[in-house]
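Okay, so here's the structure we're looking at.
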Amino acid sequence: MKGLIAGLIIVIIILAAVYYLYTEGYFYSVKINGIYVTLRSTFLSIEKSIHVSYSNVSISAHGDQDITIKIFLKNDNLLFSDELTNVTVSHPFTLISATPVPSKITPGDNETLCIVIKTPMCNYAGSVDIILYVTKA
């Protein structure tokens, strides 16, 4: 009888461990092989005056994991301030946070944008598209 109870406890522990790994996304492989950032604005001059730089690296993760991406923005316009108003990411990723948004970028100023995205709960291999919406401040 003690052996049966011990066996049952071991089976429950194994099932709980498998359930935890599944719900945390460890059975899914997410391979990001490129990050592409696009500026969107109704003003053509903004797209020419904001310089965007970031590290376009390969990232390996599991499903439902948070990933932080840093994007560096510089306003090369000498007269006008611009405002970063919104950020979106491509499907199947989910935007968790983008700080600081909204953000005013004054002439000649640099801004570091930290974007946190959640990986999908599925196997994925591909790129992430990030769209930054900018307008005149």
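The values are calculated or read from the model by the stated rules, or taken from the named source; none is laboratory data. It should be emphasised that the depicted structure is a prediction, and the values quoted were computed from it without experimental measurement. Note that we place each Cβ from the backbone using ideal geometry, even for glycine, and neighbour counts take in every protein chain shown. Please note that ligands, DNA and RNA were not included when accessible areas were found on the heavy atoms of the full protein model with its side chains. Shrake-Rupley method; radii C 1.70, N 1.55, O 1.52, S 1.80 Å.
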Practice prompt. Quickly run through segment 18-74 and pick out the residues that are among the small types (Gly, Ala, Ser) and closer than 26 Å to ASN123 by Cα.
Written response: GLY25, SER29, GLY34, SER55, SER58, SER60, ALA61, GLY63
Discussion item. What's the total number of residues in segment 26-63 that are more than 16 Å from CYS114 (Cα to Cα), surrounded by 15 or more Cβ atoms within 10 Å (Cβ to Cβ) and either in contact with a Cys (Cβ under 9 Å, 6 or more places away or on another chain) or of a type in the set (Ser, Thr, Tyr) (or both)?
Written reply: 6
Worksheet item: If we only count strands (runs of 3 or more DSSP E) wholly inside segment 79-137, which ones have 1 or more residues that are more than 14 Å from the chain's Cα centre (by Cα) and touching a residue at least 24 places away in the same chain (Cβ under 8 Å)?
Response: 82-89, 103-105, 110-118, 124-136
Worksheet entry | Complete set of residues in segment 104-133 that are among the hydrophobic types (A, V, I, L, M, F, W, C) and either closer than 16 Å to LEU79 by Cβ or open to solvent by less than 10 Å² (accessible area, probe 1.4 Å) (or both) | ILE105, LEU113, ILE115, ILE117, VAL128, ILE130, LEU132
Item to complete: Report yes if ILE71 is surrounded by 13 or more Cβ atoms within 10 Å (Cβ to Cβ) and either in contact (Cβ under 8 Å) with a residue 40 or more places away in the chain or in a loop (DSSP other than H, G, I, E, B) (or both), otherwise no.
Response: yes
Fill in: Candidate set: segment 15-25, residues that are open to solvent by 100 Å² or more (accessible area, probe 1.4 Å) and modelled with pLDDT of 85 or more; chosen: the one farthest from the chain's Cα centre (by Cα)
LEU15
